[in-house]
1. Over what distance in Å are the Cα centres of the range 395-417 and the range 98-142 separated?
2. Can you classify the range 440-519 as rounded, prolate or oblate using the Cα gyration tensor, where a ≥ b ≥ c are the square roots of its eigenvalues, rounded means a/c under 1.5, and otherwise it's prolate if a/b beats b/c and oblate if not?
3. Report the FRET efficiency, 1/(1 + (r/R0)^6), for Leu162 and Ala522, where r is their Cβ-Cβ distance and R0 is 30 Å, rounded to 0.05.
4. With a sphere of radius 14 Å drawn around the Cβ of Lys341, what net charge do the other residues whose Cβ falls strictly inside it have (Lys, Arg +1; Asp, Glu -1)?
5. Could you tell me the calculated FRET efficiency between Ile249 and Val178, based on Cβ-Cβ distance and R0 = 41 angstrom, to the nearest 0.05?
6. On a C-alpha basis, how far is the centre of the range 426-480 from the centre of the range 252-300 in Å? Whole number, if you could?
7. Kindly state, to the nearest 0.05, the FRET efficiency for Ile290 paired with Tyr323, given R0 = 35 Å and r defined as their beta-carbon distance.
8. Points 7 angstrom from Cα along the Cβ direction at Asn408 and Arg241: gap in nanometres?
Amino acid sequence: MGNMLVITLVSYVGAKFHRPKIIGAGVLLMGIGTLLMASPHFIMGRYKYGTAATHTNDAGNFTVISTCSSDSQETLQQPYSGCQKEEAESSPFWVIVLLGNAMRGIGEASIVPLGMSFIDDYARPENSAFYIGCLNTIGVIGPIVGFSLGSLCANLYVDIGLVNQESVTITPQDSRWVGAWWLGYVVSGLLTLLAAFPFGFLPRALPENSQISELDHPSEQHKNPPSIMEIVKDFAPSFKRLLANKIYILYLAHSIVAFNDFAIGITYTPKYLEQQFGQSASKTNFLIGITSIPTFALGIFLSGLMMKRFKWGLLASARVNLYTGVTTLFLTITFFALSCKNLDVAGVTAPYQRSTEVQDIISDVLPSCNADCGCPDLQWDPVCGENGVTYISPCHAGCNSTKGAGWNMTFHDCGCIQSWGLSIGNSSAVLGQCSRDPNCNRFFYIYLGLQSLAFFVYSLGTVPFLTMSMRIVDPELKSLSVGMLLLAVKVLGGIPAPIYFGALIDSTCLKWGLKKSCGRGACRIYDIETFRFLFQGLTMCLRVLASSLLWIATIKIKREFRNDKQMSKDIKLQQPML
């Protein structure tokens, strides 16, 4: 949202002044905002996760065991005897994160529109696309590092260094786990601050290349900076000229639809893989970072190289965009077939007794085997029984005794496990959810492989698209056209897409957690079948619509220049289409 507020102004006004210094100031602001986002961790209390198996005393040690035994029922009910107002829920720390993120967005606004136009102005026409491809390829290294760093941080407990790690009885696979989210912001914030300073040493205009004529240089390097009144007076006519370009509007509409798909994918793919294939956030982030993103970077680099080698024109670039989009569409159809069945959770997705039909499962999770235990039905502290079924808590499994402590703790004499026909000696449970079907791992890696291939194919059209977005408009409108495109895709794609799709995902939740204030907490388990069809179905529809818009734009480019003599040779990108 911070980016949205200033990107049009920065892209239009910044193009008329010292672009490298403006970019440097933006990067500096990004670094400050990123560090600000990490600050709440250092001023708020430690994270406390709800548990029915154990709870902590003031020293942070696990002391009381909550099972179905009569000795522990009073203790079990105590944490849920009444609602209390959580300090974190009424704290203002979220405002700090919001402010830091807004600062990041404002700082980022100058990088793409001013950076791309600066390169395009001072590169040879035949090399411009290649340099832009290199720039975007290097830019993709950032997400690779980010996913890898995020994987490491997600695998570290949020209060690392402040608590006894042996006292933490949950793992990264547990839905209550919170990793060291703040650590990545500290590292990336410091690196961003360092990246800001070199921009201050770049000149406003690069030395003139004698092999490039003045006509090929649309920049205003020899002019004095215009006055504020001149800039304001010229903005409305420039904006009107941009909106009058029908081909630009078609590509703008395509970008909005495609960015909805991208925003949903980048936001929810890790969660989708976690839920569908039972993977941890750490493993998911790491594997996405080392598989999908490098192939995407390779595709961007090759697309820039091919544009330089084959000198693709407007029509050829449009066709490449269309072909890559349609091919990606067909590749991703296979995602519908890759899934695992829901985890067997007693009372949620599986019956409490072997003889009970699955369709008879209702929301009541307190059958006869644990009816006298007084278990809080909104608790989530899963244990895995020897029957291969996950139970919401040791209490819900009807366990009456425990052995060991911490991660070595086991629960015994579990009545609900015995109801499956197991003997008393085989009616124990251990902390954590049961493992998924071994085939889930295989499907997970197949999904990653197909996703990497789809990313590679789609990225082959990236540089032709970015170059066209500047060359289908007047030279002096380059920065404004890129800025308008970025504004539109964020306002109509980046902001609403995660919100409306997040609401759709919430509708598939089968088991919600409970906050201490008795408000609804995080979702503990989803109906992954519905989740899959919503996720893949919606993104598939968006890809179909985006490909349709590309097809219309390609036809329009062909018709507009059907009678042009240069059409037989294809219109070269170094000849701007006004």
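1. That distance is 57 Å.
2. Numbers: a/c = 4.95, a/b = 1.57, b/c = 3.15.
It comes out oblate by the Cα gyration axes.
3. Working: r = 22 Å, r/R0 = 0.74.
For Leu162 and Ala522, the calculated efficiency is 0.85.
4. -2
5. About 0.40, to the nearest 0.05.
6. 4
7. Efficiency, from the Cβ-Cβ distance: 0.80.
8. So the two model labels end up 7.7 nm from each other.
The values are calculated or read from the model by the stated rules, or taken from the named source; none is laboratory data. Just so we're clear, the structure is a prediction, and the values are computed from it rather than from any experiment. Cβ atoms come from the backbone with ideal geometry, glycine included; neighbour counts cover every protein chain shown. Ligands, DNA and RNA are excluded from the accessible area calculation, which covers all protein heavy atoms including side chains. Shrake-Rupley method; radii C 1.70, N 1.55, O 1.52, S 1.80 Å.
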